[in-house]
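Below is one structure, written out as structure tokens, with a few remarks after it.
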Amino acid sequence: MKPQNKKDLITAYKQRAQIGGIYAVTNTQTGKSLVLASADIGGIRKRYEFSVLTGGCFHPKLQQDANQFGSGAFSFAVLEEMEKKATQTDREFMDDLEVLLSLWLEKYDPATLY
């Protein structure tokens with residue numbers, strides 16, 4: 001790879017829109033959900049899909065149910081997306097996502113959460 005092409009790829013990667021958000025992984029057998037925030041919602045979706053494809057467990061809190069029901073017993077849903085503004089730092093972006101997460105958690109019955 002030519003040095004200029006590599007620099008262009010690095011620049012394009014750094015300038016891409018960063019999409020974060022709130023997501024839920026729900027056990028379709030029990031109805032319990034794991035609701036979390038991520039600064040890279042696309043990466044989290046790919047990680048989930050890979051864990052299902054390989055029969056692994058997506059998150060330690062889900063391990064017991066994954067052992068009992070299998071990794072295919074879970075569904076993944078993006079609840080809300082948020083784009084990082086150019087003026088935001090990574091910390092400010094995560095703080096905004098944490099506030100958004102707390103608003104989403106209020107919508108769930110604590111008994112149905114992991």
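If we keep just the residues of the stretch 52-61 that are assigned to a loop (DSSP other than H, G, I, E, B) and out of contact with any strand residue (DSSP E or B) (no Cβ under 7 Å at 6 or more places or on another chain), which is surrounded by the most Cβ atoms within 10 Å (Cβ to Cβ)?
Of all residues in the stretch 52-61, those assigned to a loop (DSSP other than H, G, I, E, B) come to 55-59.
If we keep only those that are out of contact with any strand residue (DSSP E or B) (no Cβ under 7 Å at 6 or more places or on another chain) as well, we get 55-57.
Working: Gly55: 10, Gly56: 12, Cys57: 17.
Out of the qualifying residues, it is Cys57.
Hey, does the stretch 72-85 have a residue that's without any contact (Cβ under 8 Å) to a residue 24 or more places away in the chain, over 20 Å from Arg47 (Cβ atoms) and either polar (S, T, N, Q) or out of contact with any Lys or Arg (no Cβ under 6 Å at 6 or more places or on another chain) (or both)? Quick ask: steps written out before the conclusion?
Our first condition is that a residue be without any contact (Cβ under 8 Å) to a residue 24 or more places away in the chain; within the stretch 72-85, this holds for 72, 85.
Narrowing further to those that are over 20 Å from Arg47 (Cβ atoms): 85.
Add one more test, that the residue is either polar (S, T, N, Q) or out of contact with any Lys or Arg (no Cβ under 6 Å at 6 or more places or on another chain) (or both), and what stays is 85.
Yes - at least one qualifying residue is present in the stretch 72-85.
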Next item on the list: Go through the stretch 34-47 and give me each residue that's surrounded by 19 or more Cβ atoms within 10 Å (Cβ to Cβ), out of contact with any Gly (no Cβ under 7 Å at 6 or more places or on another chain) and not hydrophobic (A, V, I, L, M, F, W, C).
Entry: none
Margin query: Checking the conditions here, which among Lys14, Lys46, Lys84 is among the basic types (Lys, Arg), at pLDDT below 95 and over 22 Å from Lys107 (Cα atoms)?
Written below: Lys14
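Check the stretch 105-114 and report whether any residue there is assigned to a helix (DSSP H, G or I) and of a type in the set (S, T, N, Q).
Scanning the stretch 105-114, I find at least one residue that is assigned to a helix (DSSP H, G or I) and of a type in the set (S, T, N, Q), so the answer is yes.
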Margin query: I'd like to check something: does the stretch 12-32 contain any residue that is touching a residue at least 12 places away in the same chain (Cβ under 8 Å), in contact with a His (Cβ under 9 Å, 6 or more places away or on another chain), surrounded by 10 or more Cβ atoms within 10 Å (Cβ to Cβ) and not in a loop (DSSP other than H, G, I, E, B)?
Written below: yes
Note to self: Of all residues being touching a residue at least 12 places away in the same chain (Cβ under 8 Å) and not small (Gly, Ala, Ser) in the stretch 41-53, which is farthest from Ala77 (Cα to Cα)? Just the residue, please.
What the structure shows: Val52
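If you go through the stretch 62-95, how many residues are in contact with a strand residue (DSSP E or B) (Cβ under 9 Å, 6 or more places away or on another chain), exposed (fewer than 15 other Cβ atoms within 10 Å of the Cβ) and closer than 20 Å to Thr28 by Cα?
So the first thing to find is which residues in the stretch 62-95 are in contact with a strand residue (DSSP E or B) (Cβ under 9 Å, 6 or more places away or on another chain), and the list is 62, 65-66, 69, 73-84, 93-94.
This time we only want the ones that are exposed (fewer than 15 other Cβ atoms within 10 Å of the Cβ), so: 75, 77, 81, 83.
Those still in the list that are closer than 20 Å to Thr28 by Cα too: 75, 77.
Residues flagged as in contact with a strand residue (DSSP E or B) (Cβ under 9 Å, 6 or more places away or on another chain), exposed (fewer than 15 other Cβ atoms within 10 Å of the Cβ) and closer than 20 Å to Thr28 by Cα within the stretch 62-95 amount to 2.
The values are calculated or read from the model by the stated rules, or taken from the named source; none is laboratory data. Note that the structure is predicted; figures quoted are calculated from it, not measured. In this analysis, Cβ positions are derived from the backbone assuming ideal geometry, glycine residues included, and neighbour counts consider all displayed protein chains.
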